[in-house]
Amino acid sequence: MKTKALTIGISLIGIVAIAQKKEIRNAGKAVESGNYKEAKTLLNSVEGAVSNEKEKVQAEYYLTKGNAFLAAKNQAAVKTEDLVIAGKSFERAIELGEKGEGEKGLVEVKNALINSAIEDQKGEKFSDSADKLYAAYTLSKKDTVYLFHAASSATTGKDYDNALKYFEELRDLNYTGRGTIFTAVNKETGEVENFDTENKRDIYLKAGSHIKPSTIKEDSKRPDIVKNIALIYLQKDQKDKAMEAIQQARKESPEDTGLMLTEADIYYNLGKMDKYSALVEKVIEKDPNNATLYYNLGVTTGKMGDQEKAITYYKRAIELDPEMVNANINIASAILNKEKAIIEEMNGLGMSNADNKRYEELQKERSKLYKDAAPYLEKVIEKEPKESAEYKQSVQILTQIYGVLGETEKANALKN
């Protein structure tokens, strides 16, 4: 009797195993027909017992599960949790030997998360975007660039707790962001997709599923990471931690001009202008031909209220890089900002002879401001494409300037 009982037991195990395989196959057919809800139900029914199966059967289960949950990418509101389940399933399939299909699925999951994150950013859903980018990072800890973008998106969304967590993780990983990104356009979706290596991208190019390969070189982002950690601590009113973060980074790279400028920005935020100025001068000594540096100094100095010094920095930036359109815009803006004080004084004058004389003097000063600003706006129009916001704004302001100066022909030409 014992022998018969054992035989019956073995037979039951065989029947259960066959049933599991059948459910997995049926789930696969449901995925192929687009019935993802039924596929999930079938997979859930055998989930508890699948670990007892052979690796091949387990791998088939996880591939099917990955594809079932990958369907979330086609939904109007992409569910991050579904895509994470899909990614984890494909990772498990890879571990079980299904490398080809598993890796292909994993790439699709990551790209779905990234593309959905981009759409969230367009819709200014920055926290949702950060969650998806962080999920893409967790699927492959090698892709630290996604962690960086998650941190940046969380910062924009003012989710400072998560932003700080992500930036500090990047710092502890010694992430610099310096490297090469390999991209190609998916022919089916028309979307740009990133690849870990050039070889992996080339496989898709040769298969014909992707076109337009591109290679992007990226500079170090470490100064930005440290700067954001410090600024978030400032936002949290933890000034000591902010300064500690930047000074620790300065110890590691004492000659890094990016970190010097970050420390200078912190001093500026703390109102320590003497220390700010000292660091800025030191940076200029180290990198006297850096146009971007002079431009940034112009921006910061302008915020501090010293418009003349800001204009000097902008002019130096243009000398080093004549194509720097924003420097021209900011010079014109700094010049025209002086108009406010002139108009306020004009409006406050009375009708006496002395007041009328002063009014005429102020009119001349105002006209001189317009004449001084016009060449910089003309440079913008010369260099910027007509569809750009900078071009349109410059045309609008110049038209008004020419009208006030009596240069009707120039004003009409811009209107046309």
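The values are calculated or read from the model by the stated rules, or taken from the named source; none is laboratory data. The model shown is predicted, which means the values in this text are computed figures rather than measured ones. In this analysis, Cβ positions are derived from the backbone assuming ideal geometry, glycine residues included, and neighbour counts consider all displayed protein chains. Each accessible area value is taken on the protein alone, full model and side chains, heavy atoms only, with ligands, DNA and RNA left out. Shrake-Rupley method; radii C 1.70, N 1.55, O 1.52, S 1.80 Å.
Once both labels are positioned 7 Å from their Cα atoms along Cα-to-Cβ, the gap between Glu218 and Lys54 label points is 4.3 nm. The simple Förster model, with R0 at 35 Å and r as the Cβ-Cβ distance, assigns Lys383 and Tyr160 a FRET efficiency of 0.40.
Between the entries (1) 1.16; (2) 1.11; (3) 0.97, the label attached to Rg/Rh (Cα atoms, Kirkwood Rh) calculated for this structure is (1). Computing the accessible area with a 1.4 Å probe over protein heavy atoms, can you report the carbon and sulfur percentage for the chain? Result for the chain: 49 percent of the exposed heavy-atom area is carbon or sulfur.
You can think of it this way: the chain between Glu119 and Lys239 has 39.7 nm of extra reach, that is 0.36 nm per residue less the Cα-Cα gap.
Among the listed pairs Lys122/Lys142; Lys338/Lys410; Lys88/Lys217; Lys142/Lys227, give every one whose C-alpha distance is greater than 28 Å. Correct reply: Lys88/Lys217. Within the listed set Glu365, Glu119, Glu344, the residue fluctuating most in the Gaussian network model of the chain (springs between alpha-carbon atoms under 10 angstrom) is Glu344. Label positions at Leu362 and Lys141, each projected 7 Å from the Cα along the C-beta direction, are separated by 6.7 nm.
Of the peptides 347-355, 407-415, the order by per-residue mean of other Cβ atoms within 10 Å, starting with the highest, comes out as 407-415, 347-355. Once you have a ≥ b ≥ c as the square roots of the Cα gyration tensor eigenvalues for segment 367-416, tell me rounded if a/c is under 1.5, and otherwise prolate or oblate according to whether a/b is larger than b/c. Cα axes put segment 367-416 in the oblate bin. Taken as Cα centroids, segment 293-361 and segment 237-286 sit 28 Å apart, rounded to the nearest whole angstrom.
Using a probe of 1.4 angstrom and keeping all protein chains present, the accessible surface of the chain works out to 57 square angstrom per residue.
Before rounding to the nearest 500, sum -39500 (n - 2.57) across all DSSP H runs of length at least 4 in the chain and divide by the residue total; then give [θ] at 222 nm in deg cm²/dmol. The helix-only estimate for the chain comes to -24500 deg cm²/dmol at 222 nm.
Scan segment 161-242 for GluC sites (Glu not before Pro) in coil per DSSP, keeping those whose Cβ has at most 16 other Cβ atoms within 10 Å, and list them by number. Don't skip to the answer; put the middle values down first.
Details: sites: Glu168, Glu169, Glu188, Glu191, Glu193, Glu198, Glu218; in loops: Glu188, Glu191.
Those that pass, being in a loop and sparsely packed, are Glu188, Glu191.
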